[in-house]
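Notes follow once the structure below has been shown.
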Amino acid sequence: MSDDKPVNPPEEKPPTEGTAADGAAPPAEAKQPLSDEEKAAKIAAAKARAAEKKAGAAAAAAEPEAPKQPWEEKPVPPDHADAADDADAVALAAELPGAVLAADRFAGEVTLSVPAARIAEICAFLKAGRGFRFLVDLTAVDWPERAEGRFDLIYWLHRHDDSKRLRLRAALADETPVASVVGVWKTADWMEREAYDMFGIVFEGHPGLERILTWEGFNGHPLRKDFPVEGIDTGAAIYPDVYPPGGGPPPEGAGDEEGGSA
């Protein structure tokens, strides 16, 4: 007889409530249908919520609208007005007689029309004497048929002391150079290069006047109004050994021989 004690088998635990003895989930209890009273109560509650929501919307619609501000009730667009009394216009005219050809105020901003031939000295005075130490932008507008000059040169000046901006407008004839203002504001460097590239305006005294958005040899100035809307062929300037002068890539199949690839 062996001295080993018999090993009792593990004690089986009775299945817990809600589970089957074989491990399978018990069948779900069938949902009891609502009684007529419960259905009527649910319907009445839904109707009450809908009626409350409708009453709230009606009350909101009945409330009078807040009165509009005068400029909303009857908007009045700004008008152009004479700005000869502007302090900067007065100071510029006093310092450089003949420098202010016209002064216009529109929407709270002042534009001074000035002679293009004096733009460098005008800008130098406005920076040193009037505190316009920052050139925001320099661009041009093309008026091909205008008698007083094809281009408007536009200079946007900013004064940090009072956050005032002053716009200068200088009419310029086609193919007439104008003095560079890079010596006044260094930021004018790339701006003048862009105006040269896009409009063909030449800025005398610029330290390195060359195209900035296209390339040297590009045919034309894209922001002139006579520049073709459909664009131009440009390949010859970059790849003269591949494309014929004056043209871009050759038409498809132009290099084929008897329908095959060249």
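Packing, taken as the mean count of other beta carbons within 10 Å per residue, orders the peptides 135-143, 156-164 from highest to lowest as 135-143, 156-164.
Bridges between two residues of segment 81-190, per DSSP, are antiparallel at a rate of about 85%. For K53, go through the lysines and keep the ones whose alpha-carbon is under 18 Å away, minus same-chain ones fewer than eight residues off. By straight Cα distance, K53 reaches K42.
Throughout, read-outs are computed from the coordinates displayed, never taken from laboratory work. Please read these numbers as outputs of a predicted model, since none were measured by experiment. Quick reminder, even Gly has a Cβ in these numbers, built from the backbone with ideal geometry, and neighbours come from all protein chains shown.
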